[in-house]
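Data first, discussion second: the structure below is written as structure tokens.
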Amino acid sequence: MTETTPPVGYIIGLDTWRAALMLGGVVLHGSIGLPALGLFVAIDMISQTFRMGTFFGIAGILTAIALAKRAPGEWLRRRLVRLGFPLAFGLFILSPFIWLMRTAAGDIAATDTLFNWYHLWFLAALIAYSTIIYALIRLRLDEALETYLVDLIARKTVRSSTVLLFTAVTSATLFGIAPRIMAATMSDSTFATFRMLQLAAGYLPMFLLGYLVGRVPALKSLLLHQTGTAMMIALAITSSYLIWFALIAPYANSAIVASGTADLRFVAAAIGPPAAFVLILRSALRVRSVPYLVQRVSAASYTIYVLHLPLVVAINLSLRGSMVNVYFICIVSVFISSSIAFAFHEAIVSRSSIILLVLNGNVKRHMAKNARIGASISHQDKDAEIRFIPGVTAAPALQTSEHDLDFAQRL
């Protein structure tokens, strides 16, 4: 078996892109504890410019899809479980373990706190975003915003470029304000530990853009039928980076290079994600099937991302003092950490309801078990009045599509 066709309503391209963008973080983190060489810096810039913002945009779309099937309260409860369990595992289990390894190795980059969210900061961001969406729904502001957008688009007073520019400016504003507020309200150690709050604030507009694209068909149509601006932005960012690092930075003094690079990365981090989001969304909606192995990796992506960091840290700390090439160490750590986490997911996590809950926040296995119990009871007592078990659906035919369509909860 090489590939399968997704069930009706399952946007497999979005799910595959979500997994790919998440697993891109494994490549990014492959250089942890190693010297900041040129290729590692380039990977970091690509991630900041395109990867994370697009990931949150896709998360917004999947949120809109999930809310179309569930009441807001039920959706938020499931969301908090899905995000909260892995985040708690990272804070209270993985973080102390990573801290102990880095401290024992004399890694001066290790923070002075046992509890750091490290690579799982995006889960806290998604929890905050989900709470905001829930509040908008309860206050009916989402309906008002949808009506306003539909009216603007119908009157042709807004174009794709307008939406992308507004998202970029809003992101840039939040990126700029957040660190100032953090510096004024936090100690230096707390600021260092939770510096990713700046990213959580700056990527909020991307999540909201994705949510509105998933909720308002007219907005999706507008963005997908006017992709010229997105392509121009992506080309401009790429050209700017190439010109800066190839033609200007090598001949400028270090102070100018540092300042110019920071400014360029700031602008790119604001305008890049909306453009990348549109282009990736367009490609995702054209996908009809993916190879079976890709589907398996996609299903395991959450586990791989949660577990890879301590493995990468252990490998890099053990090899960085050797004569092995630094880039080779990075490749080895990415490959080994991903392979171990993938194998662990398939052999252990996917077969254990408890571990699946802890690492993926997935409670469906419990629900499926209850459904089987409910079906058995119903079969044994055909003449009796049907007894409904809380959380159990009486129609198996409906369970399949509900399960398949709920890939949004993987976030």
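Just so it is clear, none of the values below were taken in a lab; they were calculated from the coordinates. Only a predicted model underlies this, so the values are computations on that prediction, with no experimental measurement involved. As a convention, Cβ positions derive from the backbone with ideal geometry for all residues, glycine included, and neighbour counts pool all protein chains shown.
Mind jotting down the distance between the C-alpha centroids of region 318-342 and region 187-221, whole Å?
Between the Cα centre of region 187-221 and that of region 318-342, the gap is 31 Å.
For region 201-355, state what percent of all Cα-Cα pairs lands in each successive 5 Å bin, counting from 0 Å until the bin that includes the largest distance.
1, 7, 11, 10, 10, 15, 19, 13, 8, 4, 1, 0
Where Lys and Arg each count +1 and Asp and Glu each count -1, what net charge lies around Ile61 among other residues with Cβ under 12 Å from its Cβ?
Working: positive: Arg18, Arg215, Lys220; negative: Asp15.
Net charge in that neighbourhood comes out at +2.
For region 3-410, build the charge dipole from Cβ charges (+1 Lys, Arg; -1 Asp, Glu) around the Cα centre, then report which of Leu76, Val257, Thr193 sits farthest towards its positive end.
Leu76
Region 143-177 to region 243-292: how many Å between their Cα centroids?
Using only Cα atoms to place each centre, the spacing works out to 21 Å.
Once you place label points 7 Å from the Cα toward the Cβ at Ala255 and Thr147, how far apart are they in nm?
5.7 nm
Short version: ³J(HN,Hα) in whole Hz for each residue of region 146-152, in order, from phi by Karplus 6.51 cos²θ - 1.76 cosθ + 1.60 (θ = phi - 60°), x for Gly and Pro, what are they?
Residue by residue, region 146-152 yields 4, 4, 5, 5, 4, 5, 4 Hz.
Going by how many other beta carbons lie within 10 Å of each one, how would you line up Met231, Met186, fewest first? Working shown, then result.
Numbers: Met231 12, Met186 15.
Sorted ascending by nearby Cβ count, the order is Met231, Met186.
Place a +1 charge on the Cβ of each Lys and Arg in region 3-410 and a -1 charge on the Cβ of each Asp and Glu, then give the dipole magnitude about the Cα centre in debye, rounded to the nearest 20.
On the way: 32 positive and 19 negative charges, 105 e Å.
Roughly 500 debye, rounded to the nearest 20.
Cβ under 15 Å from Lys220's Cβ, Lys220 left aside: what net charge do those residues give with Lys, Arg +1 and Asp, Glu -1? If you can, show how the numbers build up before the last one.
Values: positive: Arg159, Arg215, Arg282, Arg286; negative: Glu146.
Here the charged neighbours net out to +3.
Counting other beta carbons within 10 Å of each Cβ, put Phe97, Phe194, Phe50 in order, fewest first.
Numbers: Phe97 14, Phe194 17, Phe50 24.
Least crowded to most crowded, the residues run Phe97, Phe194, Phe50.
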